[in-house]
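The values are calculated or read from the model by the stated rules, or taken from the named source; none is laboratory data. The model shown is predicted, which means the values in this text are computed figures rather than measured ones. Note that each Cβ is placed from the backbone with ideal geometry, even for glycine, and that neighbours are counted across all protein chains shown. The accessibility values were calculated without ligands, DNA or RNA, using every heavy atom of the protein model including side chains. Shrake-Rupley method; radii C 1.70, N 1.55, O 1.52, S 1.80 Å.
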Amino acid sequence: MDKHPIPPRRRRLYEALIRAVDLVVYAAVFAGGCYAMFATPSTVVDELGDANWLIVFWAVMLLAGGSVGFAGRAFRRWMVETPATVASFTGILVYVIVLGRYAFTSITAAVAVALTIVAALTMARRWLELQIFATEPGLNMRGRLLAALGRRTANTVPRDQ
């Protein structure tokens with residue numbers, strides 16, 4: 001990076017594209033929550049049997065994670081994204097568990113499970129990235145919280161260190 005830095009204009013473009021991708025991912029998680037809440041496939045309902053409460057849990061996790069994550073990313077408040085990624089990951093994981101039973105019944109089901117795992121890993125990746133923002137060397141917990149509340153996630157990452 002130091003020998004061949006990316007020009008600032010290109011870096012801003014890439015970082016804006018990353019932000020746009022994150023927004024699309026959160027919107028897709030929210031859409032999945034709507035689908036889970038209002039149009040759960042009969043195969044999933046039948047599969048869960050007496051554990052239909054899991055559908056509501058799954059849907060609420062996706063709806064909360066998607067909407068809160070989208071708002072946090074849209075308004076550049078990374079702090080609210082952290083619990084949103086956990087909720088999104090949990091909702092996606094429930095779907096992987098429910099869908100996982102069918103993974104080896106057809107190639108379509110296997111692809112669906114694989115893509116759902118990719119979605120879960122995307123949320124895990126974002127959560128890990130947010131952990132970098134949460135570290136403030138030399139500050140106590142109160143100082144970290146005040147610093148976090150006072151700043152917004154910038155579109156660019158400073159390269160002066």
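Among 106, 42, the order of accessible area from largest down is 42, 106, computed with a 1.4 Å probe on protein heavy atoms. Only the Cβ atoms of Lys and Arg (+1) and of Asp and Glu (-1) were treated as charged; on that basis the dipole of region 1-119 about its Cα centre amounts to roughly 860 debye.
Would you mind computing, in nm to one decimal, how far apart the modelled labels at residue 80 and residue 43 are, each placed 7 Å from Cα along Cα→Cβ? Calculated label separation equals 3.6 nm. Across region 1-128, counting alpha-carbon atoms alone, Rg and Dmax equal 17.0, 61 Å.
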